[in-house]
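These notes are about the structure you will find just below.
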Amino acid sequence: MKFSTARISSNIFSLTVGQALNLLLNFVSIIFAARYLGVEDFGVFSYLLATVFILSKIIDFGLSPIIFREYSKDSSNFSKINNGITLRLVLFFIVIAFYNIIGLILSFSENQFLISNILFIGVILSSKFQNFRDILEIPFKVDLKMHLPMLLAILDNLILLILILLMPSLKAGLLYFVSAYIFSNAAGFFGILFSLNKKYGYRISLASSEIKWLIQESFPLFGFVIFSVAFQQIDVIMLKYLDSDFAAGIYAAATRLSFPLNILPTAIVSTVFPIIVSNLKSDPPKNDRIFLMVFKFLFIAAFSIAAVFSFQPEEIVRVILGKQYLQSAAPLVYLLWAQVFLFINFFALDVFTAYNKQKFNFYYSVIIVAISVVFNMIFIPYLSFNAPAYAKFVSGLISFIAVLFMVKQIGLSVEFSLWKILLWIFTVMVLIYLVSFLNVFIYLALALLILLLLTLYLKIFSLEEIRFILKVFNLESFNEKLKWFYNKNEQSR
C-alpha cells in the first residue's frame with residue numbers, strides 16, 4: 001500500500017491538531033478537577049485509575065499492533081478485528097470478576113468498589129484506555145484518515161470539560177467526577193461504530209476462528225504491554241501505600257502536566273508505522289532515513305521541552321495548577337528529562353513490531369519496570385513523591401541504551417553529526433538560562449524563538465528533512481524562506 005505525500009500530510013495534520021485539542025481539553029479538565037477535588041481526593045482518583053489502567057492491559061493483551069500490522073497488509077479483511085474484539089470481551093469479564101472477588105476478600109470500601117467498577121466501564125467506552133476504541137480505529141489508521149476518530153475524541157473531551165465546569169455549582173465531588181470522566185465517552189464510542197459501518201461497511205461480529213493465532217502472535221507484546229503500563233502507573237499506587245494520598249496527588253499532578261506531551265511520538269508513530277510496514281515489502285532501505293529523521297525530531301522536541309521547563313518549573317506549575325500543587329515542580333522536571341529517552345523508545349518499540357521483533361519490546365519492558373520498581377521501593381520512604389520521577393529518569397536512560405543496541409540488531413542505523421547535537425545542546429542551555437530571569441511568559445516566548453533559530457542555524461535537520469516535516473504539518477509555504485535561510489547561512493560560512 002503506497003500513500004501520497006498529501007495523504008500523509010493530511011493524516012499527520014489531523015492527528016497532531018486532533019490530539020493537541022484532545023490533550024488540551026483533557027488537560028484543562030484535569031486541572032479544574034484537581035483544583036475542585038483537592039490534593040487527597042485527586043490522589044484517590046489517581047491511584048484507583050492507575051489500578052484499573054494496569055488491569056485493563058490484561059484485557060489489552062498486546063493485540064492492537066498485531067491487528068494493525070495484519071490489517072495494513074489486507075484492509076478488506078476484518079476477521080482479525082472481530083477476533084480481537086471477541087478475545088478482549090472475554091478477558092474483560094474475567095478481569096472485572098477477578099477484581100471484585102479480590103475486593104471482597106480484602107474488604108474494599110463501598111466507595112472503592114463503586115469508583116473502580118465505573119472506571120472499568122471506561123475500558124469499553126473510552127479511547128483513553130486504548131482497548132476497544134483502539135481496535136475500532138484501526139481501519140482509519142491504516143487508511144490514513146484519522147480526522148473522524150479525532151473529532152469524536154474531541155467531542156468526548158468537550159463533554160467532559162463541560163461536566164467538570166458544573167462541579168462547583170452542583171457541589172459535586174469525587175463520585176460525580178469519576179462518572180463524568182467515563183460516561184462522557186459514550187457519544188464517541190457509538191459514533192465510531194456508526195462511522196465504521198457507513199464508511200467501511202463494518203459491523204461488530206464476534207468470532208473465534210483466529211483467537212489462538214492472535215494469542216500466539218501477541219503474547220510477547222502482552223508481556224510488554226503489562227510491564228510498560230506498570231512502568232507508567234504503578235508508581236502512583238506505590239506512593240499511595242508506601243507514603244500517602246497526598247504524595248500520590250502531588251506526583252499525579254506532575255504526571256498530568258507531562259502526559260500531554262506524548263502527542264508528539266503518538267502522532268508520528270501512528271502515521272509512520274504503516275509506511276514502515278509497506279517499505280519492508282518494497283524498499284527496506286527507506287526505513288533507515290525515516291528512522292533517523294524521526295529519531296532526531298523526537299530528541300530535539302523532547303530536549304527542548306525539558307530544557308525550557310527546567311529553569312522556571314515552580315512558576316509554570318503555579319500558573320497552571322495553583323499554589324497547592326507547587327511541590328509538583330521538582331518531580332515534573334525529572335519526568336520531562338526522562339521523556340527525552342522515552343519518546344525515542346516509544347517510536348523504536350513500534351518499529352520492532354513492524355519488523356516482527358516483538359520479543360525486543362518484552363525485553364525492554366522487563367528492564368524498565370525492574371529498575372523503576374526496585375528504585376521506588378528503596379527510595380519512596382526517603383524521597384516521597386520525588387522518588388518515582390527520579391526512577392523514571394534513571395530507567396529511561398538505561399532502557400534507551402538497550403534500545404539503541406536492539407535497533408542495530410534489526411539492521412537499522414542511527415548515524416548523525418554528534419558534534420552538531422552537542423553544540424546545539426550547550427548553546428540552548430546557555431541561552432535559555434540567560435533569559436530565564438525574565439517574566440515567565442516573556443521567557444517562554446524567547447526560549448521558543450531561541451530553539452527554533454538555533455535548530456535551523458546549526459542545520460540539525462537537512463533541507464530535505466525540513467521540507468518533509470513542513471509537508472506533513474501543512475506548512476509548505478515556508479519552503480522558500482527556509483531555502484533562502486539555508487543558502488544565506490551557507491554563504492556566510
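Under the condition of being not in a helix (DSSP H, G or I) and not aliphatic (A, V, I, L, M), which residue from the stretch 88-111 is surrounded by the most Cβ atoms within 10 Å (Cβ to Cβ)?
Checked the stretch 88-111; the qualifying residue surrounded by the most Cβ atoms within 10 Å (Cβ to Cβ) is 108.
With the condition kept exactly as written, say whether any residue in the stretch 334-343 is at pLDDT 90 or above, within 20 Å of the chain's Cα centre (by Cα) and over 28 Å from residue 272 (Cα atoms).
Within the stretch 334-343, one or more residues are at pLDDT 90 or above, within 20 Å of the chain's Cα centre (by Cα) and over 28 Å from residue 272 (Cα atoms).
Residue 56 versus (1) part of a helix (DSSP H, G or I); (2) among the polar types (S, T, N, Q); (3) farther than 16 Å from residue 133 by Cβ: which is the lone unmet condition?
(3)
Looking at the stretch 93-125 only, could you name the residues that are hydroxyl-bearing (Ser, Thr, Tyr) and without any contact (Cβ under 8 Å) to a residue 60 or more places away in the chain?
Hits for the stretch 93-125 are 99, 107, 109.
Just one of (1) within 18 Å of residue 298 (Cβ to Cβ); (2) at pLDDT 90 or above trips up residue 442, so point out which.
Condition not satisfied by residue 442: (1).
Quick check on residue 114: is it surrounded by fewer than 17 Cβ atoms within 10 Å (Cβ to Cβ) and part of a helix (DSSP H, G or I)?
Here the answer is yes, as residue 114 does meet what is asked.
Scan the stretch 408-428 and report the pairs whose first residue is within 14 Å of residue 352 (Cβ to Cβ) and whose second residue is outside any helix (DSSP H, G or I) and at pLDDT below 90, with Cβ atoms within less than 7 Å and a gap of 6+ or a chain change.
Close Cβ pairs satisfying both conditions: 410/355; 410/357.
Any chance you could count how many residues in the stretch 145-181 are hydrophobic (A, V, I, L, M, F, W, C) and within 19 Å of the chain's Cα centre (by Cα)?
Counting residues in the stretch 145-181 that are hydrophobic (A, V, I, L, M, F, W, C) and within 19 Å of the chain's Cα centre (by Cα) gives 6.
Which one is farthest from the chain's Cα centre (by Cα) among residues in the stretch 291-324 that are at pLDDT 85 or above and of a type in the set (S, T, N, Q)?
Looking at the filtered set, the residue picked out is 312.
Checking residue 75 against (1) of a type in the set (S, T, N, Q); (2) over 28 Å from residue 159 (Cα atoms); (3) part of a helix (DSSP H, G or I), which single condition isn't satisfied?
Of everything listed in (1) of a type in the set (S, T, N, Q); (2) over 28 Å from residue 159 (Cα atoms); (3) part of a helix (DSSP H, G or I), residue 75 misses just condition (3).
Suppose we filter 261, 298 for residues that are assigned to a helix (DSSP H, G or I) and surrounded by 21 or more Cβ atoms within 10 Å (Cβ to Cβ); which single one remains?
Answer to the selection: 298.
From 179, 184, 195, which residue is more than 27 Å from residue 43 (Cα to Cα), of a type in the set (Ser, Thr, Tyr) and touching a helix residue (DSSP H, G or I) at 6+ places or on another chain (Cβ under 7 Å)?
Among 179, 184, 195, only 195 is more than 27 Å from residue 43 (Cα to Cα), of a type in the set (Ser, Thr, Tyr) and touching a helix residue (DSSP H, G or I) at 6+ places or on another chain (Cβ under 7 Å).
Please go through the stretch 48-64 and pick out each residue that is closer than 21 Å to residue 261 by Cα and touching a Phe, Trp or Tyr at 6+ places or on another chain (Cβ under 9 Å).
Hits for the stretch 48-64 are 49, 53.
Can you give me the number of residues within the stretch 141-175 that are touching a residue at least 12 places away in the same chain (Cβ under 8 Å) and assigned to a helix (DSSP H, G or I)?
Going through the stretch 141-175 one residue at a time, the tally reaches 24.
Just wondering, is there one or more residues in the stretch 198-221 that are touching a residue at least 40 places away in the same chain (Cβ under 8 Å), within 23 Å of the chain's Cα centre (by Cα) and within 30 Å of residue 39 (Cα to Cα)?
No, there is no match, as no residue in the stretch 198-221 is touching a residue at least 40 places away in the same chain (Cβ under 8 Å), within 23 Å of the chain's Cα centre (by Cα) and within 30 Å of residue 39 (Cα to Cα).
The values are calculated or read from the model by the stated rules, or taken from the named source; none is laboratory data. What you are looking at is a predicted structure, and each value in this text was computed from that prediction instead of being measured. Note that each Cβ is placed from the backbone with ideal geometry, even for glycine, and that neighbours are counted across all protein chains shown.
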